[in-house]
Amino acid sequence: EQLLLKYLGDYIEGIDPDNLSLGLWSGTLSLEQIKLKAKAIDDLKLPFKLTFGLINKLILSISWKTNFSEPTEITIEGLNIVLSLVDTKDWEYIDYTSYESKLEQLMKYSKKKFDNLMQSFNEITSEEQKSYTDKIFVKIVDNLQLVFKNISIRIEEQNISPYYSFGIILKEMKVINTDSPIHRCVHQ
């Protein structure tokens with residue numbers, strides 16, 4: 001619970017022992033009814049603010065029994081997000097028109113998140129544990145796969161007349177590691 005709060009506490013709330021299910025032998029951690037915090041959207045620098053965010057179920061499966069050679073899978077079931085527009089005077093313009101600018105923004109964001117994660121990781125790990133723990137951490141990150149099921153994203157604006165809203169529903173989306181011919185792979 002403390003590790004989850006340390007790594008995800010800025011983005012989610014609702015982590016408590018009552019809605020936490022942990023199977024040590026299976027390597028499965030399950031959380032239900034997790035509320036998203038505004039920072040989860042704010043950090044993306046989009047012209048939207050979070051009005052409502054809920055993850056019905058989050059399942060983390062770590063293959064510690066197979067020495068982390070299998071993928072670590074994070075499954076998010078029932079992601080419900082409602083966004084509203086940020087006032088135009090508060091927008092931060094980012095050029096997303098070219099592939100290079102999109103890639104640059106993604107790299108900056110990924111590096112920032114990874115640096116923050118590594119800083120937190122280094123703070124809680126003693127010097128003797130670092131070499132072994134670093135290896136495990138790298139294996140987990142290299143083999144991380146994400147599965148999203150039943151995603152609902154709605155954007156609405158009540159302050160503009162006429163009121164409008166629109167949204168998108170995705171049944172399933174996966175983010176997996178692949179090799180160059182796009183075959184699923186696991187990093188050893």
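The values are calculated or read from the model by the stated rules, or taken from the named source; none is laboratory data. What you are looking at is a predicted structure, and each value in this text was computed from that prediction instead of being measured. Methodologically, a virtual Cβ is constructed for each residue, glycine included, from the backbone with ideal geometry; neighbour enumeration extends over all protein chains shown. These area figures cover heavy atoms from the full protein model, side chains too; ligands, DNA and RNA do not enter into them. Shrake-Rupley method; radii C 1.70, N 1.55, O 1.52, S 1.80 Å.
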> Can you give the accessible area of residue 115, probe radius 1.4 Å, in Å² rounded to 10?
Replying inline: 70 Å²
>> Let me check something: with ligands and nucleic acids excluded, how do 107, 173 order by accessible area (1.4 Å probe), largest to smallest?
In response: 107, 173
> How do 178, 72 rank by accessible surface area computed with a 1.4 Å probe, from largest to smallest?
Replying inline: 178, 72
> Taking the Cα-to-Cβ direction at residue 154 and at residue 101 and moving 7 Å from each Cα, how far apart do the two end points lie in nm?
Replying inline: 3.2 nm
> Taking a 1.4 Å probe, which of 63, 161 shows the most accessible area, and what order do the others take after it?
Replying inline: 161, 63
>> If I model a spin label at residue 179 and residue 141 as a point 7 Å from the Cα along the Cα→Cβ vector, what separation in nanometres do I get?
In response: 2.4 nm
